[in-house]
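A short worksheet on the structure shown next.
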Amino acid sequence: MLMPVQLPDVHPADLTEKLSSFQKKGKAILATNFYNYETLRGILQAAAVLEQPIILQLTKSSLDYMGLASAVKMARAGLQSFNIKGWLHLDHCYSYSLIQQCLDAGFDSVMIDASERPLEDNIRITRKVVDLALQYNANVEAELGYVAKLGQSTDQVGFTDPEEARQFVEATGVHALAVAIGSAHGFYKQEPRLDIELLATIREKTGIPLVLHGGSGIPAAALQQAIKNGISKINLATEIKNIFIQTLQACLTENEEIDLRVVFPPAINAVSDLVKEKLAIINQP
Ligand SMILES: [Zn+2]
């Protein structure tokens, strides 16, 4: 029998509050991964034009590529210069020590992903991260169920079980939960179908903000339905990488330009247009 976690009575993290209030209003915040200065800039341009808040996400590979301190400073400076309300989030992390490093570096939010471990382990690991994050007043996201990762089979049935989700949230005190309701990471071979009924039940059972991973390629109407039924954070990564590289490739095939400052802007603008499009879908009443 799992005992409910007793959390100290502290003011919830800023992002936790924001996600909860968005969920209540049937709204969601877009969470975009960035990989370098150019993708970051494209995202920020879009958020600034539409005056929307944004969650900037980094994975371990992106941190390895850019360096933790540089990535954090670049993101913070970007939010400030574009005058955007935003949060820094660590996406899919399997390592407690990296989570600690990121919290030390000032991340507002972290995701501990122990979803491939047995339930008891997922609970124990997530709870440990929630305890740690409390010291930083940071938001914690965990995952329950099977959202296929890049290269993994999407055939596996592993939708989040609502009763298990209730137990998980109660036992860990986690702030936001990534759910498996039919989305997958990467591109879809066929149009994904989200199980909205299941989502609504999970929301009812858990009462916390829910997160949709694999936001790339989900039709607008399905995204909007999901938002109305409890998804308050939508992750977008694959489409950003894709549009950036496609635009860059096309641009480089057409000319022999070697000035990076000429070559990159079309790709930056393509990212910006994509993010604007997603923000418009998410913010449609
Ligand atoms: Zn994900």
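Any read-out appearing in this document is the output of simple, stated calculations on the displayed coordinates, not a laboratory observation. Since the structure is predicted, the reported quantities are computational estimates derived from the model, not experimental observations. Neighbour counts are summed over all protein chains in view; Cβ atoms, including those assigned to glycine, are modelled from backbone coordinates with ideal geometry.
Here are a few things to note about the model shown:
- Working note: 222 nm ellipticity from helices only, DSSP H runs with n ≥ 4, each -39,500 (n - 2.57), summed and divided by the residues of the chain, gives -16000 deg cm²/dmol to the nearest 500.
- Highest average packing first - 164-172, 211-219, Cβ atoms within 10 Å: 211-219, 164-172
- Tilt relative to the chain, helix 162-172 - C-alpha long axis, 0 to 90 degrees, to 10: 90 degrees
- Packing-based ranking of 95-102, 190-197, 264-271 yields 264-271, 95-102, 190-197, ordered from highest to lowest mean Cβ neighbour count within 10 Å.
- Helix 37-50 axis, angle to the chain major axis (alpha carbon atoms, nearest 10°): 80 degrees
- On Cα atoms only, tilt of 260-282 relative to the major axis of the chain in degrees: 40 degrees
- At the listed q of 0.15, 0.17 Å⁻¹, the Debye profile of segment 27-282, built from one uniform point per Cα, gives log10 I(q)/I(0) equal to -1.08, -1.36.
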